[in-house]
Structures are given as structure tokens and as C-alpha cells.
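Here is the structure we will look at.
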Amino acid sequence: MNDQAPVIDVRDVVKTFDKGLTRALDGVTLSIDKGEFVSITGPSGCGKSTLLHAIAALEKPDSGEIYINGEEITSKRDLSRYRARTIGLVFQLHNLLPNLSASENVQVPMYEISISPRERRKRADELLGLVSLQGKEKKRPTQLSGGERQRVAVARALSNGPPIILADEPTGNLDSKASLQVIELLKNIQREQGVTLVLVTHNASIAEAADRAVHMLDGRIESKAED
Amino acid sequence: MLWPLLRCQKARKYLKGTSVSFVLFILSNLMRQKIRTGLTVLGISIGITAVVALGIFVHSAKVATEGLIQAGGSDFIIGRDGSADLTLSTVTEDEIAAVSAYEEVEYVTGALIAIFGVGSSPFFLQFGIEPEALDFFEVEILEGTRLSPGATDEMLLGNSSSVGADLGDTIEIRDLEFTVVGIYDTGASMLDGGAILPLAAVQEYERKPNIVTIAFVRTRPGTDIESLKARIEDDYPNLAAAATLDEVGDIDQGTQILDAVELGISAIAIFIGGIAVMNTMVMAVFERTREFGILRALGWRTRRIIQMVIGESLLLCLIAAAAGSLLAIGLTQLVILFPAVSSFIEIEYTLNVFLRGLIVGVSVGLLGAIYPAYRAARLSPAQAIRYE
């Protein structure tokens with residue numbers, strides 16, 4: 001651990017569903033430093049994805065606080081700017097828009113920042129190069145393999161240069177070879193660009209690739225293992 | 001047309017980040033459901049066709065009426081105030097004499113208008129006028145001569161008449177025979193599609209002795225025409241003086257009825273079209289709930305989501321407006337082939353009519369997008385992502 005303030009600081013966060021009957025997060029506290037790669041593991045329904053959604057400001061906690069770069073986000077009303085500039089999200093299903101090409105999909109988050117269409121295209125093509133998809137800029141998602149689609153999703157997550165990448169089971173729908181490629185890609189980006197990477201996974205071997213593995217059970221953090 | 005809008009600070013702020021590629025993105029969203037989009041466009045474009053085609057006909061009919069008012073180089077016409085239709089107006093010879101007594105009036109001539117089927121023309125306009133009045137009432141004779149003074153069996157034929165006769169031919173009207181002595185052109189489509197006959201003959205077969213439909217008034221140079229018209233209307237409250245199409249409504253309430261019908265059809269088109277668009281857009285929003293969640297998760301503001309939904313709706317309706325306008329042009333060109341229509345009006349296309357179609361299209365687009373945009377904007381990103 002370093003001495004700097006954590007880039008993600010989750011403090012005693014509680015989140016319930018079904019009018020309080022389901023306690024998805026039960027007082028979760030977690031700090032993640034800048035540039036760290038943290039994996040979150042645990043059985044289905046333990047609250048991994050809910051925690052990731054809370055950090056991404058997609059879910060509002062019932063109580064507790066979340067600080068990102070020292071700024072409290074749970075009480076903010078409009079979090080679009082935060083999501084557009086600070087967070088890069090990778091989902092289990094690639095969630096690419098089927099009517100757009102790979103390049104256009106990567107450009108989607110860039111609509112929220114002030115850059116010209118030409119700059120948008122240039123940056124998208126560079127990012128597709130970064131994820132080894134040169135020459136596939138104009139391909140539609142249906143024309144790409146599962147692993148390629150997920151790499152487009154990774155490029156899309158990087159489109160606005162976010163300091164934090166949150167990946168929710170990014171290899172859940174991929175075969176082992178494609179999974180390995182995506183994880184290697186995310187690790188390289190984390191290492192080379194210094195971004196903070198939080199990855200939710202079921203897969204123990206993928207979790208082991210992280211700097212630190214966090215295990216969750218019944219909405220609580222069970223252990224925080226240093227790699 | 002859009003430039004003043006784009007110069008507006010508020011509009012620029014709202015459109016910030018909007019680009020050609022965003023418009024293409026919106027278009028590609030519409031193309032995802034080609035059949036649904038196509039059917040919606042077809043439905044709206046039929047409504048817009050009705051609005052535009054009716055607008056074209058109403059405008060063309062007004063132009064034809066305006067041409068009749070201004071025929072013969074007169075300054076204004078006199079008719080019976082409150083007449084349901086111009087052809088139902090009645091002005092007596094005493095009233096014509098009273099109007100001609102005003103010192104500013106250079107000449108007044110009455111004309112009795114009758115319309116019924118003659119020969120191959122189902123609606124043949126007969127314009128009865130004193131043959132001597134043609135010295136003042138300016139009619140360009142293309143072939144032949146004018147009506148002879150005191151003639152009762154001669155007629156002049158308009159150059160666009162569809163009655164199927166030529167110079168020297170005889171035409172039978174109500175058991176009376178008339179010889180075509182001249183072919184004329186006034187530039188007024190309604191008049192050029194019919195014939196000019198001696199007033200006495202028309203009064204006889206129409207059984208309207210001493211009565212005309214309207215009177216044409218020409219004033220002396222330097223006359224304040226508006227003031228004269230006002231004085232005539234004050235002195236003779238049963239008469240109305242009209243120099244423009246707006247004023248002819250007092251004599252011909254048919255134009256006002258046409259305006260009301262046009263407005264009514266536009267309102268119905270907006271209402272029905274709005275529901276059709278709302279149905280399409282609500283379905284699109286429901287189907288793409290997860291996608292909206294993804295876009296929100298990627299940082300899209302609610303404003304951009306609203307822009308996208310309204311943009312899709314507007315684009316749908318703009319395509320329909322363009323298709324509807326083209327259909328209306330085709331339809332009017334088809335209808336004008338019928339002699340019954342072509343003998344009365346000359347189709348005239350004006351920007352205003354197409355703008356009205358565009359306004360209907362934009363109104364339908366906005367009306368239909370309100371609820372779907374509201375629904376899309378209110379989606380919780382996390383719930384939308386979980387939506388199956």
C-alpha cells in the first residue's frame with residue numbers, strides 16, 4: 001500500500017432491494033489505491049456487481065459514502081459527467097450497439113466531451129489499434145468474434161481516458177483463450193496507463209492475476225488478500 | 001431558415017455536441033426496424049399528403065378567385081355581403097347605378113356568372129357581360145373579334161376552355177345557340193376556362209332579369225380606393241367591396257370554409273400522426289431499455305437521451321413530410337388531368353403550403369416524442385442494464 005489517499009474509498013455502504021428484504025451490500029468498506037488492480041470475487045448474489053455499480057454511480061446506496069479521488073459522489077445529483085470522464089465500464093455482455101461499427105461504438109461515450117467528429121474517429125481508431133483490432137474499425141458487432149467484441153468494449157471503456165476502469169465479469173461469456181487475451185489486455189492497460197482496475201469475476205485464476213483479491217459473501221467483504 | 005435558431009445561445013447550448021455523426025446514429029437507430037419505420041413513415045406521410053394537397057388546391061382556388069376579382073383591369077368588385085359563395089351573390093342594376101354615381105368611379109360593369117355542364121366540360125363558367133362594356137373590361141382577344149354591340153347569340157371562348165369548340169363553332173347552352181366569335185385570354189384561370197357571353201342572354205336563360213352576380217369597378221386616377229370602398233359599404237350595408245382575396249371572404253364564405261377545413265385536417269393529421277409516432281417511439285424505447293441503461297452508464301446525460309429520442313421522432317416525421325409533399329405533388333398533377341378541375345384552377349405550388357406540411361410533420365414528431373422521451377429519461381441506469 002502506498003501513502004497516497006485512496007482513489008476509491010467506499011465507507012460502510014449499505015444497499016437493499018425489494019423494500020429492504022434483500023441486503024445486497026451490508027456495510028461494505030473498501031479502499032483502492034491509484035493504479036491498483038483489485039479483483040472482487042464471491043458467489044452469485046453476494047453483492048459484487050452491486051458494489052461495482054455503486055462505485056460507478058449507477059446505484060445509489062441507502063447509506064454510507066463513496067469517495068472518488070477524495071470527492072464524495074453518493075450525494076451528487078447529476079453523475080453523468082463523473083461516469084463519462086472518471087469511469088470506464090466493461091460489462092459481462094459486451095453491450096455494443098448492434099447498428100454501429102466497432103469504431104462508432106468506441107465513439108459513443110465521446111459524445112459527452114467536446115471534441116470534433118474527426119478527433120473522435122481518430123481517437124477511436126487509435127484505441128481499436130491498442131486492443132489489436134486494426135482493420136476491423138468498420139465491422140459491426142455481429143461480424144466480430146466474442147473476444148473481439150469484448151476488446152471493442154474495452155476500447156470503448158478507455159475512450160474518454162478515465163483513471164478508473166470497472167469490469168463486471170468481462171470474461172464471463174468468453175472461452176478460456178479469449179478470456180486470457182482480455183485479461184492480459186486489461187492488465188497491460190492498467191500497467192502502462194496507470195489506471196486503477198477493479199474487476200469482478202467468478203474465476204479464481206483470473207482473480208489471482210490482480211494485485212489484490214477481495215472476497216465477498218452475503219453483501220460483506222470477507223477478506224482482502226494481498227497478492 | 002435554421003440559421004437564426006442556431007444563432008440563439010440557448011439553442012446552441014442545447015445542440016452542443018450534436019454533429020452529423022449523431023444524426024447518422026439516430027438514422028441508423030430508425031433503420032434497425034425497417035418495416036416498422038417504413039409503415040410509420042407511410043402513415044404519417046399520408047396525413048401530410050392530405051394537408052399539403054388540400055393546401056395546394058385551396059391556394060390554387062384562391063388564386064383563381066383572386067384572378068377573377070382582378071379581371072378586366074378593375075380596382076375592386078362589389079358583391080352581396082354575406083353570400084355563401086361568390087356565384088350566389090346578387091347585385092341589382094339599381095345598385096350598380098348607385099355605385100356608378102360616385103364621382104371617383106370611372107366605370108362599373110356587372111357580370112352574371114353561371115356554372116354548369118356544357119358540351120364536354122362538366123363545370124363550364126359563363127360570364128355574362130354587356131358587349132359594350134368590353135371597351136373598358138380588358139380582355140385580350142387572341143383570335144377573332146369581340147362581341148358585337150347588342151349581340152345576343154355570340155360568345156367568346158377562353159383559351160383554356162375544355163368545352164371542345166373552336167372559332168366559328170356553335171355551342172348550345174340551355175336551348176340557345178351561340179357562335180364562337182373570338183378566343184380570349186385574361187390570365188385568370190377561372191375565366192379562361194369558360195366563356196364570355198352577352199349579359200342579356202345569360203340573364204334570360206338563368207331567369208335572373210336585372211340581376212348580376214358581381215360588379216367590377218374601375219376608379220379615376222388618384223382615387224383613395226380604400227376610402228371609396230369604405231364609403232360604399234357604409235352607404236349600402238348590403239354590399240361588400242373587395243379588392244383582395246382576404247376581403248372576398250365577405251362575398252364568398254366558401255374561402256373561409258376552405259380555410260377552416262384545411263385547419264381541421266391539419267389538426268386531425270397532427271393528432272393521429274402524433275399517436276402513430278408515439279406508438280412507434282414507445283415501442284422503440286421499451287425494446288431498447290437496456291441500451292438506454294448502457295448509454296447512461298457510459299456517461300450520457302438525460303438531455304442527450306432526450307435529444308436522441310426526439311431526434312429519432314423528428315427524423316421519422318421529416319422523412320414523412322418529404323415523402324408526403326412529393327406524394328401531394330404527384331396527386332395534384334394527377335387530379336389536374338380531370339377537365340372539371342383544370343377548367344377552374346391552375347395548380348400553383350407555393351413555399352407556404354410545403355412549410356405547412358413541414359410544420360405538421362415537426363408537430364407530429366414533437367407531440368409523439370414527449371412521452372417516450374420522458375420515459376427514456378427517467379430510466380434508472382442500473383435497472384435498465386438489468387432489463388431483459
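The values are calculated or read from the model by the stated rules, or taken from the named source; none is laboratory data. These figures come from a predicted structure and were not determined experimentally. Note: ideal-geometry Cβ built from the backbone for every residue, glycine included; neighbour counts use all protein chains shown. Side chains included, ligands, DNA and RNA excluded: accessible areas come from the protein's heavy atoms. Shrake-Rupley method; radii C 1.70, N 1.55, O 1.52, S 1.80 Å.
Those strands (runs of 3 or more DSSP E) of the stretch A:139-227 in which 3 or more residues are modelled with pLDDT of 90 or more, closer than 29 Å to A:M110 by Cβ and touching a helix residue (DSSP H, G or I) at 6+ places or on another chain (Cβ under 7 Å) occupy A:164-168, A:196-200.
With respect to the conditions (1) touching a helix residue (DSSP H, G or I) at 6+ places or on another chain (Cβ under 6 Å); (2) facing another protein chain (nearest Cβ under 10 Å), A:L127 lacks only one, and its number is (2).
Selection of the stretch B:181-202 for residues being touching a helix residue (DSSP H, G or I) at 6+ places or on another chain (Cβ under 7 Å) and open to solvent by 10 Å² or more (accessible area, probe 1.4 Å) yields B:D185, B:T186, B:G187, B:S189, B:M190. For the stretch B:205-324, the helices (runs of 4 or more DSSP H) that sit wholly inside it and include 2 or more residues that are within 14 Å of chain A (Cβ to nearest Cβ) and among the aliphatic types (A, V, I, L, M) are B:289-297.
Conditions (1) surrounded by fewer than 20 Cβ atoms within 10 Å (Cβ to Cβ); (2) more than 25 Å from B:G264 (Cβ to Cβ), marked per residue:
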residue: B:L316; (1), (2): no, no
residue: B:G324; (1), (2): no, no
residue: B:G365; (1), (2): no, no
residue: B:P372; (1), (2): no, yes
residue: B:A376; (1), (2): no, yes
residue: B:R386; (1), (2): yes, yes
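The set of residues in the stretch A:170-202 that are over 18 Å from A:A157 (Cβ atoms) and in contact with a strand residue (DSSP E or B) (Cβ under 8 Å, 6 or more places away or on another chain) contains only A:H202.
Scanning the stretch B:137-169 for residues that are in a loop (DSSP other than H, G, I, E, B), under 30 Å from the mean Cα position of the chain (by Cα) and within 15 Å of B:V118 (Cβ to Cβ) yields B:S160, B:S161, B:S162, B:V163, B:G164. Got a number for residues in the stretch A:30-53 being of a type outside the set (S, T, Y), more than 9 Å from chain B (Cβ to nearest Cβ) and either over 24 Å from A:E184 (Cβ atoms) or touching a Gly at 6+ places or on another chain (Cβ under 8 Å) (or both)? Number of matching residues: 9. For A:L100, are the conditions met, namely being at the interface with another protein chain (Cβ under 9 Å from one of its Cβ atoms), among the hydrophobic types (A, V, I, L, M, F, W, C) and surrounded by fewer than 23 Cβ atoms within 10 Å (Cβ to Cβ)? It is true that A:L100 is at the interface with another protein chain (Cβ under 9 Å from one of its Cβ atoms), among the hydrophobic types (A, V, I, L, M, F, W, C) and surrounded by fewer than 23 Cβ atoms within 10 Å (Cβ to Cβ).
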